[in-house]
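Structure first, commentary second.
The values are calculated or read from the model by the stated rules, or taken from the named source; none is laboratory data. Predicted model only: the values in this text are computed from it and were never measured. Cβ coordinates were reconstructed from backbone atoms using ideal geometry, including for glycine residues, and neighbour counts include every protein chain displayed. With ligands, DNA and RNA removed, areas are computed over all heavy atoms of the protein, side chains included. Shrake-Rupley method; radii C 1.70, N 1.55, O 1.52, S 1.80 Å.
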Amino acid sequence: MDDEQKKKKNRFTIIKDDSTDGHGGYGAGVISLENMSSVIVDPNENKAYVDMNAMHARSDVERRVKWIRNKEEVPNGKLYWIVWVNLDRNEQGTYYGGVAASEIRVDREIKRAYKSMGEHVKHMEQSLKGKIVVDHMDAHSKQLLRDYLIDFNEEMWNNSSDELKTAFDL
């Protein structure tokens, strides 16, 4: 698969949900995740990519491990970031509206991994609300994410807020 095919395969999309279509019944008031995507940043392999399975905690990096709540129990875990990216639209067009990164540590050798579910939920919600939460990322991972977002769609990057661009100044 060449780079162009990979790019087309890894589009920013999410499960289409229409639970708030105006009927006022079941699902009314539920937050729509229609414009959210999950990006995996892998500083170990110097790459970032969309993995929509992370929306259900089933991304490639999350599979086949037992999750531990204590980071110290996974001392040799490799660092990954699941980044919740929410797209929004204004008069200039589509832009990266909310971006929030959540850390995970995975040790394949012992089949154990760390993540804070509370942090993931909080960051997902912050992204939906248009917040930029990347200041806790290491510089290398932040650079990988920045480059990925620009490469994925430079127009969306250019339409994004100064706050987002400033958050990625390295």
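Summary of computed values
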| item | result |
| --- | --- |
| Selection count, region 10-48, where residues are at pLDDT 85 or above, touching an Asp or Glu at 6+ places or on another chain (Cβ under 8 Å) and not polar (S, T, N, Q) | 4 |
| In region 143-156, the residues that are in contact with a helix residue (DSSP H, G or I) (Cβ under 8 Å, 6 or more places away or on another chain) and touching a residue at least 40 places away in the same chain (Cβ under 8 Å) | LEU149, PHE152, MET156 |
| Count - residues of region 131-141 that are within 15 Å of the chain's Cα centre (by Cα), in a helix (DSSP H, G or I) and without any contact (Cβ under 8 Å) to a residue 40 or more places away in the chain | 0 |
| Where a residue in region 50-67 is over 20 Å from VAL99 (Cβ atoms) and its partner, wherever it lies, is among the hydrophobic types (A, V, I, L, M, F, W, C) and modelled with pLDDT of 90 or more, with Cβ under 8 Å and at least six apart | ASP60/ILE40; VAL65/VAL106; VAL65/ALA113; LYS66/ALA113; TRP67/ALA113 |
| Verdict on HIS136 being under 15 Å from ASP42 (Cβ atoms) and surrounded by fewer than 19 Cβ atoms within 10 Å (Cβ to Cβ) | no |
| Condition check for ALA101: under 24 Å from SER161 (Cα atoms) and modelled with pLDDT of 95 or more | yes |
| Residue count, region 94-129 (criterion: surrounded by fewer than 23 Cβ atoms within 10 Å (Cβ to Cβ) and among the aromatic types (Phe, Trp, Tyr)) | 2 |
| Residue list for region 36-93, filter: of a type in the set (Gly, Ala, Ser) and surrounded by 17 or more Cβ atoms within 10 Å (Cβ to Cβ) | SER37, SER38, ALA48, ALA54, SER59, GLY77 |
| Close pairs from region 77-104: first more than 18 Å from VAL61 (Cα to Cα) and outside any strand (DSSP E or B), partner open to solvent by 10 Å² or more (accessible area, probe 1.4 Å) and modelled with pLDDT of 95 or more, Cβ under 9 Å, at least 6 apart | GLN92/GLU155; GLN92/ASN158; GLN92/ASN159 |
| Residue in region 121-128 that is over 18 Å from the mean Cα position of the chain (by Cα), at negative phi and among the charged types (D, E, K, R) present | no |
